[in-house]
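The values are calculated or read from the model by the stated rules, or taken from the named source; none is laboratory data. Just so it is clear, the structure is predicted and the values come from calculations on it, not from any experiment. Cβ: placed from backbone, ideal geometry, glycine included. Neighbour counts: every protein chain shown. Ligands, DNA and RNA are stripped out before the accessible areas are found, and what is left, the full protein with its side chains, is counted by its heavy atoms. Shrake-Rupley method; radii C 1.70, N 1.55, O 1.52, S 1.80 Å.
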Amino acid sequence: EVTEPFWFRDEFSENSIGRFSGNTSLYTITGGKLTCATGGRFVTVPCAKLKDPTVSLTWKPTSKTVDGRYRLFIAFRGSPTSKADVFTSSAPDIRKIVYITPDFYNVSLYSAIPNSAGSSCDSRALTVTYNEEHTITVTKTGTTYILNVDGTEVTLVDDSGDPDLESSYISIGIYNCGATPHEIDNLQISGTRVYNKPIHRGAMLETYHDG
């Protein structure tokens, strides 16, 4: 097993949609921002499966649903390719979802096991104002998630009893919005990448010839 520090950054100064997996079809890069005006869509960073990751970004919620909702989630998950809604039983992986719901003035942590719907296991009061840009950071350390929004910090704890993720991929999603695209910028992900040590070339050749 080999570990190394890893850092991902995208300021969306060019069309980098190809770097992402997930449910990306209605995301566009416009004016140096990652934008989307369709709820439930998300992007995943498939190159980074990290232990104890930190995710930071800016989010400007520029529209609401007809019932006043504007919401964002940051999901720590096992699958780098799933396009299924992270909250539903269609998703095939373990998910730990930090769900920012300003219309309820709070943030919640959801936990989900493969092919099961997510359920809330912690929540805290939080105000995220409409139509302003917010700087958001989430750090996962084991089952503890520290969220910072514009300098206000809250701690969420996964006490669901579900399996934890030793290492996870990151999905970012606009879950509720109106007709004006929400804007995401300056996405950064850092942590420790863990992977199995490659087999020595000689060993690989020996195995091949033995076959």
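Residue-by-condition table, conditions (1) under 21 Å from ALA125 (Cα atoms); (2) touching a helix residue (DSSP H, G or I) at 6+ places or on another chain (Cβ under 8 Å); (3) touching a residue at least 40 places away in the same chain (Cβ under 8 Å); (4) of a type in the set (Lys, Arg):
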position: LEU156; (1), (2), (3), (4): yes, no, yes, no
position: ASP159; (1), (2), (3), (4): yes, no, no, no
position: SER167; (1), (2), (3), (4): no, no, yes, no
position: SER171; (1), (2), (3), (4): no, no, yes, no
position: TYR195; (1), (2), (3), (4): no, no, yes, no
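Just one of the numbered conditions (1) of a type in the set (A, V, I, L, M, F, W, C); (2) surrounded by fewer than 16 Cβ atoms within 10 Å (Cβ to Cβ); (3) within 22 Å of GLN188 (Cβ to Cβ) is not true of VAL66: (3). Against the criterion of being more than 18 Å from the chain's Cα centre (by Cα), open to solvent by less than 40 Å² (accessible area, probe 1.4 Å) and either hydrophobic (A, V, I, L, M, F, W, C) or at pLDDT 95 or above (or both), GLY151 does not qualify. Among the residues here, GLY78 qualifies as touching an Asp or Glu at 6+ places or on another chain (Cβ under 9 Å), closer than 19 Å to TRP7 by Cα and either at pLDDT 95 or above or crowded, with 17+ Cβ neighbours inside 10 Å (or both). Six or more apart or on different chains, Cβ under 6 Å: which pairs go from a residue in the range 50-69 that's of a type in the set (S, T, N, Q) to one that's in a loop (DSSP other than H, G, I, E, B) and open to solvent by 20 Å² or more (accessible area, probe 1.4 Å)? Could you list them? Every condition considered, the pairs that remain are THR58/GLU133; THR62/ASN131; THR62/THR180; SER63/ALA179; SER63/THR180. Taking the criterion of being under 23 Å from PRO92 (Cα atoms), part of a strand (DSSP E or B) and among the polar types (S, T, N, Q), the residues of the range 107-138 that qualify are SER108, SER111, SER119, SER120. Look at (1) open to solvent by less than 20 Å² (accessible area, probe 1.4 Å); (2) farther than 23 Å from ASP158 by Cβ and you find that ARG9 fails only one, number (1). ASP85 falls short of the stated requirement of being touching a residue at least 12 places away in the same chain (Cβ under 8 Å), of a type in the set (D, E, K, R) and touching a strand residue (DSSP E or B) at 6+ places or on another chain (Cβ under 8 Å).
Does GLY68 count as on the phi > 0 side of the Ramachandran plot and at pLDDT 95 or above? It is true that GLY68 is on the phi > 0 side of the Ramachandran plot and at pLDDT 95 or above. Which residue is farthest from ALA179 (Cα to Cα), if the candidates are limited to the range 42-64 and must be in contact with a His (Cβ under 9 Å, 6 or more places away or on another chain) and not in a strand (DSSP E or B)? So the residue we want is PRO61.
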